[in-house]
Amino acid sequence: MRAKEGTHLKKKANIKQEKLNLSSDDEYDLVSNEESMEMDGVNSVGISDSSTSAVNSSSNVNAFIPGQIISDDDLVTLSVRELNRQLKNSGLSKQEIIRMKQRRRTLKNRGYAASCRNKRLEVKGGLEGDKMSVEEAVLRIKENVYNLRQEIEEIRDKFDGLKRHASQQGILIPPELAHFIDFGS
């Protein structure tokens, strides 16, 4: 299996070497890196030659930018110390290293923004749920207040009827119940 992969890689290297006029060792390394990254689920690899273009998409977090040797996932997850070590050992130019660091910052900011959006939507959903619960509670309380007012009206009507009846019949109301008479008026 390994020998078969090696032959496949050399064929790919020869094709790319003809297109880019690279040495066979450089191209073999590029193709073998590309193969190993494709096996890891990475979509495309770019190189810094202007005659080729990488298949890049701003929505693909795993995409490579031209000349990039570290995947976007690694850029985001590596510690600063580890990233600096890898960039130093990569042999990239200062400009390329700066672009990689800017790419890392961009990806990190995208992650923070997405996290913030998700958190905001989560909080908003929770608050909307709370709002609906409060509105339902207010509605129940209003119904309860309405029902209690109806009961008070009924009791007041009954009390007024009893007062009239007592007055018509000449029944004296005891002094300890006098405050109820004033309440009903």
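The values are calculated or read from the model by the stated rules, or taken from the named source; none is laboratory data. On a predicted model such as this, the values are computed, not experimentally measured, just so you know. For neighbour counting, all protein chains shown are included, and Cβ atoms are generated from backbone atoms with ideal geometry for every residue, glycine included.
Remark: pairs (first residue in segment 149-170, within 10 Å of Ile181 (Cβ to Cβ); second residue part of a helix (DSSP H, G or I); Cβ separation under 8 Å; 6+ apart in sequence or on different chains) = Phe159/Phe180; Phe159/Gly184; Lys163/Ile181; Lys163/Gly184. Within segment 126-185, if we keep just the residues that are in a loop (DSSP other than H, G, I, E, B) and either within 57 Å of the chain's Cα centre (by Cα) or small (Gly, Ala, Ser) (or both), the residue that is surrounded by the most Cβ atoms within 10 Å (Cβ to Cβ) turns out to be Ser185. Given the criteria under 30 Å from Thr77 (Cα atoms), surrounded by 10 or more Cβ atoms within 10 Å (Cβ to Cβ) and either under 40 Å from the mean Cα position of the chain (by Cα) or modelled with pLDDT under 95 (or both), does Leu121 qualify? For Leu121, the condition - under 30 Å from Thr77 (Cα atoms), surrounded by 10 or more Cβ atoms within 10 Å (Cβ to Cβ) and either under 40 Å from the mean Cα position of the chain (by Cα) or modelled with pLDDT under 95 (or both) - is met. Lys108 meets all of the listed conditions (1) surrounded by 10 or more Cβ atoms within 10 Å (Cβ to Cβ); (2) touching a helix residue (DSSP H, G or I) at 6+ places or on another chain (Cβ under 9 Å); (3) at pLDDT below 90 but one, namely (3). If you go through segment 64-85 and pick out every residue that is modelled with pLDDT of 90 or more, farther than 20 Å from Ala114 by Cβ and surrounded by 15 or more Cβ atoms within 10 Å (Cβ to Cβ), you end up with 1.
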